[in-house]
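Computed from the coordinates by the stated procedures, all read-outs in this text should not be read as laboratory data. Keep in mind the model is a prediction, meaning the values are calculated, not measured. Note that each Cβ is placed from the backbone with ideal geometry, even for glycine, and that neighbours are counted across all protein chains shown.
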Amino acid sequence: MLQEQYKKDGYLLIKGALDKAVVGSIYREARQIFGQQIKKTLGQNVDIDDRDAFENAMYAFFEKDFEAFRNTGLTVQHGIGLHKLGTSDAILDLIKSVGVAQPVIAVRPAMQFNSRFLAKNGSNHWKLGAHQDWRTGQGSLDSAVIWFPMVEAGAEIGALQVIPGSHTWGLMAANTTGYAGSITDNLKEEDYVQTTYEPGDVLIFSAFLVHRSGDNSTNNIRWSVQLRYNNLAESTFIERGYPMPYIYKPQEELVTPDFPKAQQIQALFAAS
C-alpha cells in the first residue's frame, strides 16, 4: 500500500518513523561540536539546550570567524551518531520499503542548519529553489532520499515543499551553477504541497521529485538531515558502471601552516 502511494506521488511522509531519542542525540552532538568552537571564538560558554541563546551564539560565531564556522559546519557532517543512523536498520528498512532492493549509500550523510542569519553576501544556500536531487547524484533511477528535521518544522521554519507526481516528469532543465541546480521550467505555485514534522517524522522521496526549501521566516535555525541511497540492483545503474559524481580529495597544502611541531607530538605521546 505504501509502496503504491510512493510510486504515485514520489514521496511518503511517515510519522514517528524514527526514535525521537536517536534524532535528539544527533542534534545534541552537532550542537556540542559547535559549542566548543563558540567557546573558543567568542570566549563564552553557551547552554546548548537554551535554543535561542545557543542559536544567537551561532549567528555571532558566523559573523566573527566565518572560516572556523564553515569548518565546524563541515565537521558536524562527520558526527558518529549521524553516520550510525545512515546505516541503521530503521533507515534501511524505510529505503527498502519503497523498492530500493539493494541499497548503497549514494553520498555521505548531510546535516543542514538553515537560517537567513547564516548567509553571506546574499547567498541563497540557506534556501534552495526548485530542484531534483538526481542531478547532483546521477545514480540509480530509483535512488531515494530521506529528509527529516531535528526540530518541530512547518511552513514558518521552511520545511520542504514538494510537487506530488513530479518524479515522473524526467530530468528537468536546470541552471547548474548553484549547489543543486535550480529548475528553469515554469512551475505552478499551487502545485506545491507544504510538509510539516515533529521530531521522528521522515520524508522519503524519489531523487527525481521536484522540491524546494520553504521560507524560514523565524529567528531560529532549521536543523535537518538528508540521507541518499542508490539501488545496486537497478539495471541502468549496473549498465553505467555505478557512476560516482561526488569527488572527495584532500587539500594539498597544510591547512595550518607550520603545524604541527615535533615537540607538540612528543608532548602528546609522552609517558605520564
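The table below lists the values:
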{"quantity": "Segment 190-236-segment 26-70 distance, computed between alpha-carbon centres (Å)", "calculated": "25 Å"}
{"quantity": "Burial ordering of 246, 229, fewest other beta-carbon atoms within 10 Å first", "calculated": "246, 229"}
{"quantity": "Given 20/96; 8/188; 39/249; 84/261; 64/249, the pairs whose alpha carbons are separated by over 26 Å", "calculated": "39/249; 84/261; 64/249"}
{"quantity": "Sparse-neighbourhood loop sites, trypsin sites (Lys or Arg not before Pro) in segment 218-272 - DSSP loop, at most 13 other Cβ within 10 angstrom", "calculated": "240, 261"}
{"quantity": "Size of electric dipole in segment 14-128: Cβ of Lys, Arg +1 and of Asp, Glu -1, about Cα centre, debye, nearest 20", "calculated": "260 debye"}
{"quantity": "In segment 152-252, GluC sites (Glu not before Pro) in a DSSP loop with at most 16 other beta-carbon atoms within 10 Å", "calculated": "152, 156, 252"}
{"quantity": "Exposure proxy ranking, count of Cβ atoms within 10 Å, fewest first, for 131, 211, 78", "calculated": "78, 131, 211"}
{"quantity": "Estimated [θ] at 222 nm from DSSP helical runs (n ≥ 4, -39500 (n - 2.57)) normalised by residues in the chain, nearest 500", "calculated": "-9500 deg cm²/dmol"}
{"quantity": "For peptides 1-8, 69-76, 167-174, sequence by mean Cβ density within 10 Å, most packed first", "calculated": "69-76, 167-174, 1-8"}
{"quantity": "For segment 213-224, 3J(HN,Hα) per residue [Karplus equation, 6.51 cos²θ - 1.76 cosθ + 1.60, θ = phi - 60°, Hz, x = Gly/Pro]", "calculated": "6, x, 9, 6, 8, 8, 8, 9, 8, 8, 7, 8"}
{"quantity": "Within the chain: Cβ-based charge dipole about Cα centre, in debye rounded to nearest 20 (Lys, Arg +1; Asp, Glu -1)", "calculated": "480 debye"}
{"quantity": "Normalised contact order of the chain, rounded percent, pairs of Cα under 8 Å and 6 or more residues apart", "calculated": "28 percent"}
{"quantity": "Selected from 105, 73, 88, residue furthest toward positive end of dipole (segment 45-127; charges at beta carbon)", "calculated": "105"}
{"quantity": "Among 106, 207, 262: highest mean-square fluctuation, GNM of the chain, C-alpha pairs under 10 Å", "calculated": "262"}
{"quantity": "Crossing angle, helix 20-42 versus the chain [Cα axis fit, 0-90 degrees, rounded to tens]", "calculated": "40 degrees"}
{"quantity": "Intensity falloff of the chain expressed as log10 I(q)/I(0), Debye formula with alpha-carbon point scatterers, at q = 0.15 Å⁻¹", "calculated": "-1.20"}
